[in-house]
Structure formats: structure tokens, C-alpha cells
Amino acid sequence: NAGVTQTPKFQVLKTGQSMTLQCAQDMNHNSMYWYRQDPGMGLRLIYYSASEGTTDKGEVPNGYNVSRLNKREFSLRLESAAPSQTSVYFCASSLIASPKDTQYFGPGTRLTVL
Amino acid sequence: AQSVTQLGSHVSVSEGALVLLRCNYSSSVPPYLFWYVQYPNQGLQLLLKYTSAATLVKGINGFEAEFKKSETSFHLTKPSAHMSDAAEYFCAVETGRRALTFGSGTRLQVQP
């Protein structure tokens, strides 16, 4: 039982390049989330998917797109990377999209945009 | 909108001393509150959560937090710090949109 896995762990991009961050969970969770973590700002929600087939914007969605490929996988795409998107990206999942439910986090992807 | 404020971006304590990490929330309705811990180069792990049951919540690794509505606070405490407690700690509140809003974090250093 691997929990929440993310690939890649590290990535360096040039401004304007595109890439997709992958996230998968093996806990049969319904809800999945993408956060970014910047120094001194904690984590901020980019997008979330309450259940398979649905996605919703979070606090900072601009410049990103997501796909809930199936129940297990939730990807985050940067179409045209900008230096402001340099950050650590965390994927999380929870059984249901309820405030009482615990979110489980992956190990993160450290992205640098030059 | 719900939000949390963590007072003190860095806290340093001696091993064996009391740990107190402060979190104040802003919410128009009874909130659900959480404390998460992040060890270096790892993802976040849930320490404890308040979901409107008992106001004193006990979590893992000897941590606990008390929900005080009158003070709009949810401070995290541990009676005796251990070297392994050195990490970054995040307070979070449920946003009402089925996701979490996190505070800016407090880095805890434990001195031998």
C-alpha cells in the first residue's frame, strides 16, 4: 500500500515549456487535491476533485489545468510554465470531500521554472 | 471566508521543554480545524483534528490542541519536546468548499 505517489520528484523547466505532474493513490479514495507550497505562505489549493468526473478550482487555479483520469489518478498540467510557478507541489487524497475527513499527502514535486 | 493565522514562523525550545505553537482562526461558523506536521523533504501528515466533538483533542506523538471559541484559538502543545519533533507545523481550517486553507507554518527547532 503505497498511499499517495507523485512523479516526478524534481523538475526543471524553461519559461514557456509545458509539463504534467502525475498523482496516484491506492487507498480507494474519492477525493483528490493539488496544492502548491511557497516559502512563508503555507499550502494553497490549486484544484480539487471531489469525486471521479468532477473538478473544481481552488484558491490559485490560474495557469493550471487538471484531469481526473480515473478514481486513482489526478494530474496537474502547466501549459506554459512561468517563473512564478516555481514551487513545491503536493497532491493529496481523502475518502470523501468532507471537512471531517483526513487528507493524505504525497511526498511532493519540486518544480523550478527558469 | 475561513482562515488561520499562525503566530511565530520559528519557535525554538530545549529538549524536554513545553512546546506551544499558536493558531488563531477566523470563521463565521463553527470550524473544523487541523494540525499537520511536515518533516524535511516529506509530505504533510495529520497530527490531530477538531470536528466539534471534545474541545481538547489528542493527536499522535504526544501532541494535543484545545479549541477555545472565546479566543478563536486552536493552539498545539506537547508537554516535553523531543529532538524528533523538529519539523514544520501547519494549522488548517476547512474552507467550506470541501478543502483546506493552511496557515503559513511554524518551524520548530529543538535544542539539545
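The values are calculated or read from the model by the stated rules, or taken from the named source; none is laboratory data. Keep in mind that this is a model prediction, so the values were computed, not measured. Quick reminder, even Gly has a Cβ in these numbers, built from the backbone with ideal geometry, and neighbours come from all protein chains shown. Areas reflect the complete protein model, heavy atoms only, side chains present, ligands, DNA and RNA absent. Shrake-Rupley method; radii C 1.70, N 1.55, O 1.52, S 1.80 Å.
In region B:11-52, which residues are part of a loop (DSSP other than H, G, I, E, B), in contact with a Ser or Thr (Cβ under 6 Å, 6 or more places away or on another chain) and in contact (Cβ under 8 Å) with a residue 60 or more places away in the chain? Before the answer, list the steps.
At the first step, the residues of region B:11-52 found to be part of a loop (DSSP other than H, G, I, E, B) are B:15-18, B:27-32, B:39-43, B:51-52.
With in contact with a Ser or Thr (Cβ under 6 Å, 6 or more places away or on another chain) added as a condition, the list becomes B:16, B:30, B:32.
Passing the criteria: B:GLY16, B:TYR32.
One residue alone among B:PRO112, B:PRO40, B:PRO79 is open to solvent by 70 Å² or more (accessible area, probe 1.4 Å) and touching a Gly at 6+ places or on another chain (Cβ under 9 Å), and that residue is B:PRO79.
Anything in region A:61-93 that is in a strand (DSSP E or B), among the small types (Gly, Ala, Ser) and more than 9 Å from chain B (Cβ to nearest Cβ)? List them, or say none. Working first, answer last.
Residues of region A:61-93 in a strand (DSSP E or B): A:64-68, A:73-78, A:87-93.
Still in the list and also among the small types (Gly, Ala, Ser): A:67, A:75, A:87, A:92-93.
Scanning region A:61-93 gives A:SER67, A:SER75, A:SER87, A:SER93.
For region A:94-106, give me the residue count where each residue is open to solvent by less than 60 Å² (accessible area, probe 1.4 Å) and either facing chain B (nearest Cβ under 7 Å) or in a loop (DSSP other than H, G, I, E, B) (or both). Break it down stepwise before answering.
Residues of region A:94-106 open to solvent by less than 60 Å² (accessible area, probe 1.4 Å): A:94, A:97-99, A:101-103, A:105-106.
Imposing the further condition that a residue be either facing chain B (nearest Cβ under 7 Å) or in a loop (DSSP other than H, G, I, E, B) (or both) reduces the set to A:97-99, A:101-103, A:105-106.
Selection size over region A:94-106: 8.
Given the condition in contact (Cβ under 8 Å) with a residue 40 or more places away in the chain and within 12 Å of the chain's Cα centre (by Cα), answer yes or no: does some residue in region A:57-65 qualify? For region A:57-65, residues in contact (Cβ under 8 Å) with a residue 40 or more places away in the chain and within 12 Å of the chain's Cα centre (by Cα): absent. Considering the conditions (1) open to solvent by less than 20 Å² (accessible area, probe 1.4 Å); (2) within 14 Å of chain B (Cβ to nearest Cβ); (3) touching a residue at least 12 places away in the same chain (Cβ under 8 Å); (4) of a type in the set (Gly, Ala, Ser), A:SER51 is excluded by exactly one of them, (1).
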